[in-house]
Each structure stands twice: as C-alpha cells, then as structure tokens.
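Q: Shown below is the structure under consideration.
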Amino acid sequence: MRSARHEGLRFAFYGRMSTIDHQDRASSCRWQRNYAEDLIAGHGRIVAEFFDEGVSRRIAWPDRPQAALLLAAMADPARGFDAIVMGEYERAFHGQRLEQLTSTLLRHGVQLWLPETYRPVDFDKPRQLALLDLLGVHSQRGVSRARHRTTAAMRAQAELQGRYLGGRPPYGYRLVDAGPHPNRAHAAWGRRLHRLEPQPPASATSTAPKPPSRHPRNAPPPQPFP
C-alpha cells in the first residue's frame, strides 16, 4: 500500500488480475489505474493502492488478500482515504458481490467511484441500483461464457485433432510429437503439439536362454547326511 498527501478527496485504488502466469502485473495495474485516475480527475488523488494478483472475481472480498486489507482499512477511523475508486466494475465484483459490500461502505461513510456510473455510486437511486445489478449479471455471464467456450474448444481439439491437452498420460499410452502448434504465435515460440499413442506392449517371451534348473526333474532326491 502506498500513501501520499494531497488536496481534495483521498482515494484508495483497488484493482485485480486473474492470473500471474499469463498477465503482467505492471501493465494490468497501470491500465486500471489510468481509468481510475481519469474518472476522479479534478476531484482528488489516489493515495493508497490495493491490488490482488492471481485472484478470481468469484472470490469474496474477505478471502482476497488485498481486498481483505482494504476492508480492514475502511473500519479504521484513521484510514487516510475518503473513497474507493476502481478502473472497471468486473475487476472487482462478480454477481451480487457489490450488494454484499454496500452496507460496509455506508456504515463507514466511504464513497465508491466506478467508471460505469461516471461518478460516485448513489445507492439511493433506483436507476444506479438497476445498473449495478445489470453489471453484476454481465460479470457473472462473462465467467460462465469463458468456462463454456474453453471446455467446448478443448473437447473439439481432443476429438477432432487428437490433441493432447495436458496432464499425466493414462496407463498404456505415451506422448509423441504431433507437429508444429497451429497457433502461429505459439509455433514461433517453438511450441509443438503432442498426442497420445498406445505404448508398445513388452515381449511376452524372452530370447535369452533360461538357466538350468538346480534340481532337474529326474534327478534323485538329495541323500541325508549320515
């Protein structure tokens, strides 16, 4: 968290990115802050930053590391900020998550600024409440669509192209090269496709000669010592 002195309203910025393997923290935080700063221009400055990395929007705020710190800061009378600003609704909320946060904001007298409302959220205006409900549904629908499209695409790749999509090969199969990656960007990085192939069974008989038996079948039984 970073702090600074300023005139006007004091804002705490909250941002989030879903993954750390496929997203760059600096660029993701920067574009979200740019939107937030454009929104509050002339009204104040950002004096504190809370940014969650590798956290899904479906996770409740108390279970997000940085969001939980922001909730704790709101309860502190000497918190140092007057309002919370975000660069995008979907970065922070999913479904009815904002509705669960409303009472906390009102109880501590903290404003919430969103680009989608162009100003502080007025929880007494039915039109804004309807907009927030629509944004929540849209955010939830986006997660469902992404999950469905990803699952459908992976199924098609496995069924139609025979592509191996990861995980440990099942018993009796091995991985073999299946040519260059069909995505040009991945192919340029040297990535290749793999597919499953039945593992050749081990030979049922051995060609090596068997050692002679220590006790041949027709040999007399051993004699006891006198």
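Q: For the condition on the phi < 0 side of the Ramachandran plot and touching a strand residue (DSSP E or B) at 6+ places or on another chain (Cβ under 7 Å), what is the one hit in Ala12, Ala60, Ala75, Ala26?
A: Result of the check over Ala12, Ala60, Ala75, Ala26: Ala12.
Q: Here is a follow-up. Check the range 130-153 and report whether any residue there is modelled with pLDDT of 65 or more, in a loop (DSSP other than H, G, I, E, B) and under 30 Å from the mean Cα position of the chain (by Cα).
A: Within the range 130-153, not a single residue is modelled with pLDDT of 65 or more, in a loop (DSSP other than H, G, I, E, B) and under 30 Å from the mean Cα position of the chain (by Cα).
Q: In the range 81-101, which residue that is open to solvent by 30 Å² or more (accessible area, probe 1.4 Å) and out of contact with any Ser or Thr (no Cβ under 6 Å at 6 or more places or on another chain) is nearest to Arg16 (Cα to Cα)?
A: Here the answer is Arg91.
Q: Among (1) exposed (fewer than 14 other Cβ atoms within 10 Å of the Cβ); (2) modelled with pLDDT of 75 or more; (3) in contact with a Leu (Cβ under 9 Å, 6 or more places away or on another chain); (4) not aliphatic (A, V, I, L, M), where does Gln161 come up short?
A: (2)
Q: While we're looking at this one, here's another question. From the list Ala73, Ala68, Ala12, Ala36, pick out the single residue that is open to solvent by 10 Å² or more (accessible area, probe 1.4 Å), within 26 Å of the chain's Cα centre (by Cα), in contact (Cβ under 8 Å) with a residue 60 or more places away in the chain and more than 17 Å from Leu135 (Cα to Cα).
A: Among Ala73, Ala68, Ala12, Ala36, only Ala73 is open to solvent by 10 Å² or more (accessible area, probe 1.4 Å), within 26 Å of the chain's Cα centre (by Cα), in contact (Cβ under 8 Å) with a residue 60 or more places away in the chain and more than 17 Å from Leu135 (Cα to Cα).
Q: For the range 1-115, list the helices (runs of 4 or more DSSP H) that sit wholly inside it and hold at least 3 residues that are modelled with pLDDT under 90; which are they?
A: Of the helices (runs of 4 or more DSSP H) lying wholly inside the range 1-115, those with at least 3 residues that are modelled with pLDDT under 90 span 25-40, 89-92, 97-108.
Q: Using the structure shown, decide if Met17 is surrounded by 14 or more Cβ atoms within 10 Å (Cβ to Cβ), of a type in the set (A, V, I, L, M) and either under 17 Å from the mean Cα position of the chain (by Cα) or farther than 23 Å from Val121 by Cα (or both).
A: Against the criterion (surrounded by 14 or more Cβ atoms within 10 Å (Cβ to Cβ), of a type in the set (A, V, I, L, M) and either under 17 Å from the mean Cα position of the chain (by Cα) or farther than 23 Å from Val121 by Cα (or both)), Met17 qualifies.
Q: For residues that are of a type in the set (A, V, I, L, M, F, W, C) and in contact with a Phe, Trp or Tyr (Cβ under 7 Å, 6 or more places away or on another chain), tally how many sit in the range 176-203. Can you show your working first?
A: Keep residues of the range 176-203 that are of a type in the set (A, V, I, L, M, F, W, C), which gives 176, 178, 185, 187-189, 193, 196, 202.
After this cut, where a residue has to be in contact with a Phe, Trp or Tyr (Cβ under 7 Å, 6 or more places away or on another chain) as well, the list is 196.
Qualifying residue count, the range 176-203: 1.
The values are calculated or read from the model by the stated rules, or taken from the named source; none is laboratory data. Computed from a prediction, not measured in an experiment: that's the story for all the values here. With ideal geometry, Cβ positions are generated from the backbone for all residues, glycine too; neighbour counts draw on all protein chains shown. Heads up: the accessible areas ignore ligands, DNA and RNA and are worked out on the full protein's heavy atoms, side chains in. Shrake-Rupley method; radii C 1.70, N 1.55, O 1.52, S 1.80 Å.
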